[in-house]
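For reference, the structure is listed below as structure tokens.
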């Protein structure tokens, strides 16, 4: 029930944003601003939001999808709170990087490119993190871990589960202002 009410609040905030922005911009500018706001509000741009924006702005969904898929800032899938990059470059691979990756898959119960059920972790592979002399290496958001062994993985993951940042709506309904707009 709580998730439904949060979603309802987000759509109310999105509707209010569009209504207050409409007189300030042409449709194309309004669309880009609305997409940025939607990304902030939801953490990604859900299909339902695209349909809502399409109806509200009278812009075809194909045009909206075109913009969302063109710009890297936008995402059609929820992004994890913590993105894990495991290096599979030569130095990391020969030092046990593949075993670290397998342990992460087991611990998180996800495959490469997936997001854990709780939305906390995403798993990806990279070819180099620039720490070859300290292999194997992995990175979680901005934190770099060196000389990682599979046995360290549960402890590292537990650290992030504990500090689980609260994901709250970036802007409460009605609490935003537009530059240059005076009341």
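Summary of computed values
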quantity: Mean Cα-pair separation over length for the range 52-134, i.e. relative contact order, pairs under 8 Å, 6 or more apart, %; calculated: 31
quantity: Helix-derived mean residue ellipticity, 222 nm - over the chain, DSSP H n ≥ 4, -39500 (n - 2.57), to 500; calculated: -14500 deg cm²/dmol
quantity: Prolate/oblate/rounded label for the range 2-70 (Cα gyration tensor, a/c 1.5); calculated: oblate
quantity: Rounded tilt (10° steps) of 47-57 against the dominant C-alpha axis of the chain; calculated: 30
quantity: Length added when fully stretched, residue 109-residue 8, from 0.36 nm per residue minus Cα-Cα; calculated: 33.3 nm
quantity: Fewest-first sequence of 54, 29 by Cβ atoms within 10 Å of each Cβ; calculated: 29, 54
quantity: For the range 72-160, share of DSSP beta bridges that run antiparallel, in % to the nearest 5; calculated: 55
quantity: Neighbour-count order for 57, 104, fewest beta carbons within 10 angstrom listed first; calculated: 57, 104
quantity: Shape category assigned to the range 73-121 from the gyration tensor of Cα positions, a/c cut at 1.5; calculated: oblate
quantity: Length-normalised contact order for the chain - Cα pairs under 8 Å, 6+ apart - percent; calculated: 21
quantity: Prolate/oblate/rounded call for the chain, Cα gyration tensor, a/c under 1.5 rounded; calculated: prolate
quantity: Ranked list, fewest to most other Cβ atoms within 10 Å of each Cβ, for 128, 92; calculated: 128, 92
quantity: Rg(Cα) / (2.2 N^0.38 Å) computed for the range 82-162, rounded to two decimals; calculated: 0.97
quantity: Of all DSSP beta bridges in the chain, antiparallel share, percent nearest 5; calculated: 55
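Taken together, the values in this text are just the output of simple stated rules run on the coordinates, not laboratory data. Note that the coordinates shown come from a computational prediction; the quantities given were computed from them, not determined experimentally. With ideal geometry, Cβ positions are generated from the backbone for all residues, glycine too; neighbour counts draw on all protein chains shown.
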